[in-house]
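The values are calculated or read from the model by the stated rules, or taken from the named source; none is laboratory data. The model shown is predicted, which means the values in this text are computed figures rather than measured ones. Don't worry about glycine lacking a Cβ; one is built from the backbone with ideal geometry, like all the others, and counts go over all protein chains shown.
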Amino acid sequence: MPQEAITSKTNKLPSPELARWYKLIPHPVQLSLVNDDVRFKVVPAGRRSGKTERAKRFQPLVYEAFVDPQHATFGDEGLRIDAESIFLTFCASCHGAAGDGSGLPGIARDFRTATEWKRSPKAVDIFRTLTEGVAETQMRAYPNISPWERVALAHHVHAFMTDPGPDATAEDYAALVEEYELDKIQPPGKTISVEQAMEILSREGTGSDEI
């Protein structure tokens with residue numbers, strides 16, 4: 001690197017590196033996310049990092065997000081959550097890309113109908129299902145999907161229904177907040193590797209209970 005590019009007194013970087021950085025300033029959103037329970041600490045920084053952006057998805061939820069699928073936090077000016085991609089990654093293999101249950105016919109739920117759900121088809125209860133799974137079924141919990149992503153995914157699932165019924169009420173949301181402490185920062189859930197997941201699925205296929 002040329003000596004003239006190293007100018008610490010003037011805080012300059014060689015172009016085009018300079019365009020990737022901005023002045024270091026404390027940011028209240030980032031500061032609020034610093035939490036000892038979070039594996040990757042979030043601190044004020046001069047450049048956006050993947051860890052910072054990921055950690056923001058564990059910030060406290062708000063009621064408006066459960067009743068508005070177009071809530072600003074989901075979009076490009078917020079967390080940039082792509083609910084369709086999340087659905088195709090984690091859900092479509094069983095429920096079908098169209099949410100019709102075609103991945104596991106007769107087993108996976110057809111999201112187009114709002115009847116006979118284990119829980120209600122409201123966004124708050126879809127969030128519960130994604131958080132806890134459904135006992136004695138093949139529906140697993142998804143702690144690896146952040147809370148904000150689970151809400152966006154719940155809206156995506158809800159949108160498959162031809163007659164979706166009523167939205168979540170403020171009382172529904174208040175109960176969910178108390179149940180999961182959603183007014184607090186949610187630490188990321190524990191995850192397993194792809195190899196471990198494939199091994200578990202393989203054992204399930206052979207009827208083995210060993211983990």
- Item | Among residues of segment 83-109, those that are exposed (fewer than 14 other Cβ atoms within 10 Å of the Cβ), over 21 Å from residue 147 (Cβ atoms) and not aliphatic (A, V, I, L, M), counted | 3
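Here's the yes/no breakdown for (1) at pLDDT 70 or above; (2) in the same structural domain as residue 138 (by TED's automatic domain parsing); (3) closer than 30 Å to residue 93 by Cα:
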residue	(1), (2), (3)
161	yes, yes, yes
166	yes, yes, yes
185	yes, yes, no
190	no, yes, yes
199	yes, yes, yes
- Message: Kindly evaluate residue 121 against the criterion of being within 16 Å of residue 91 (Cβ to Cβ) and at pLDDT below 90.
- Response: no
- Task: Please specify each residue of segment 57-88 satisfying the condition of being in contact (Cβ under 8 Å) with a residue 40 or more places away in the chain, more than 23 Å from residue 111 (Cβ to Cβ) and not hydroxyl-bearing (Ser, Thr, Tyr).
- Result: 57, 58, 59, 60, 79
- Look through 116, 149, 132, 84 and report the one residue that is at positive phi and among the acidic types (Asp, Glu). 116
- Query: Going by the conditions given, is residue 152 modelled with pLDDT of 90 or more, surrounded by 12 or more Cβ atoms within 10 Å (Cβ to Cβ) and within 25 Å of residue 111 (Cα to Cα)?
  - Reply: yes
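Take segment 89-109 and flag every residue that is on the phi < 0 side of the Ramachandran plot and in contact (Cβ under 8 Å) with a residue 12 or more places away in the chain.
Scanning segment 89-109 gives 90, 91, 94, 95, 98, 100, 104, 107, 108, 109.
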